Amino acid sequence: ELYDKGVRAFVVNAFSDTNSYNNYPEAAFIVVDNTLAALQKLAAYHRSQFDIPVVGITGSNGKTVVKEWLYQMLSPSMTVCRSPKSYNSQIGVPLSVWQLNNSHDIALFEAGISRPDEMQKLAEIVKPTIGVFTNIGPAHGKNFENIQQKIEEKLKLFCNNIEKLVYCKDNSEIAEIIARHDIHTFSWSRNDRDANLFIASVNSNSDNTVIKAVYHGKEISVTIPFIDDASIENAINCWCVLLLLNFPNKTIAKRMEHLESVEMRMELKAGVRNCLIINDSYNNDLNALAIALSFMNAQHHDNKVLILSDILQSELPEEVLYKNVAQLVDNKGVDTFIGIGPALCSLFKPGGKIA
């Protein structure tokens, strides 16, 4: 099909029948043992040709938002290369890095994994100089022995020649494992005054949040046009990166005031009949659900409806997972629950309550 559309160069695994090449007389074939490995090796070589700051971002949630917000704040004064959308897979990362060219001042690449032994391949392609470990959650949990193994695997992105790794010290599981490695860090915390950026206060009103912090002994602050916990966490991670890049806080604060929502993440939309719709369809795990329900409650509307599909790839047993879902639904004051999928349907009692 591609040949018929004019493609004339192919990287392929060998045909089992060598006569098959004769079917495409005008095409050139580069035959390799593994096409994915070839793509990754080529992208790693391409990355090695550039000596610019490269920000590598991983974690369970927030990768794309942190990358896009950094792009929004850096692009007024720098030429930025970044991953398209959520290109953070074994194929997405090399395609992202392939965009690098001599015009770029800085690069922002996100990297995600779904099982062990994947991140080392991405680390060789990205070679980050600055890292961001956003958080850790249950996504893809069933493919790892436990959350500690998942953190260790994600941390492999930063174990070679990283200058600074941004992370939140308040996440004890991440902090404990990072402490075992010889990694230079830039930490932030709401509780530990010894963190590089100590978050002194977070105050939200109807449409923005003021975050005050202490950095190098001086009080600094920013205001973001969001009030949900996920956005606050993502903004602080971005704040740390900009401080590492020696941006004056006045410049950071000015740019943070104008941050825009990122598509594919939690969105607030106006519906008919004075309804508000919160769309968080990109993430479906227990942590994302809790954040979305908290955001729903912040809107102060009556008649709260939750539409939820089965949560896949959770590290929790199904019985425990959906008991936690039921507790969240109850605690957050959901009036109507609509469940989609065999797991959720099997847990309903005749009266409509979750078993």
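Read-outs throughout are calculated quantities, based only on the coordinates presented, and are distinct from any laboratory measurement. Only a predicted model underlies this, so the values are computations on that prediction, with no experimental measurement involved. Note: ideal-geometry Cβ built from the backbone for every residue, glycine included; neighbour counts use all protein chains shown.
So here's what we get for this one:
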quantity	calculated
Cut-off under 5 Å, modelled amide H: who pairs with Ile106 long-range	Thr79, Cys81
Inverse mean reciprocal Cα-Cα distance (Kirkwood Rh) of segment 202-279, Å	13.8
Separation of alpha-carbon centers, segment 219-261 and segment 9-24, rounded to whole Å	52
Correct option for Cα Rg over 2.2 N^0.38 Å [calculated from the coordinates] among (1) 1.20; (2) 1.57; (3) 1.11	(3)
Extreme residue, positive dipole direction of the chain, given options Ile136, Tyr322, Ala28 (C-beta unit charges)	Ile136
Computed magnitude of the charge dipole of segment 1-53 (debye, nearest 20; Cβ of K, R +1, Cβ of D, E -1)	180
Computed magnitude of the charge dipole of the chain (debye, nearest 20; Cβ of K, R +1, Cβ of D, E -1)	580
Cα centre as origin, Lys/Arg/Asp/Glu Cβ charges: segment 180-305 dipole, Debye	300
Rough spin-label spacing in nm, given labels placed 7 Å along Cα→Cβ, for Ile91 and Glu318	3.0
Fraction of antiparallel bridges per DSSP, segment 37-186 only, in percent to nearest 5	0
Antiparallel DSSP beta bridges within the chain, percent to nearest 5	40
Extended-chain gain in nm, criterion 0.36 nm per residue less alpha-carbon gap, Asn102 and His258	53.3 nm
Selected from Ala14, Gln49, Ile106, residue furthest toward positive end of dipole (segment 1-108; charges at beta carbon)	Ile106
Inter-part distance where segment 175-210 and segment 45-119 are each reduced to a Cα centre, Å	23
Listed residue pairs exceeding 25 Å between alpha carbons, taken from Lys63/Lys150; Lys169/Lys269; Lys269/Lys304; Lys67/Lys304; Lys142/Lys164	Lys169/Lys269; Lys67/Lys304; Lys142/Lys164
For segment 83-96, Karplus couplings with θ = phi - 60° (6.51, -1.76, 1.60), whole Hz, Gly/Pro x	4, x, 6, 10, 6, 10, 8, 4, 8, x, 5, x, 5, 5
Computed [θ] at 222 nm, helices only, for the chain once each DSSP H run of length n ≥ 4 contributes -39500 (n - 2.57)	-9000 deg cm²/dmol
Set of aspartates and glutamates near Lys41 by C-alpha distance (under 17 Å), chain-local residues within fewer than 8 positions excluded	Asp33, Asp117, Glu118, Glu124
Other-chain or far-sequence residues with amide H under 5 Å of Thr185's (modelled H)	Leu165
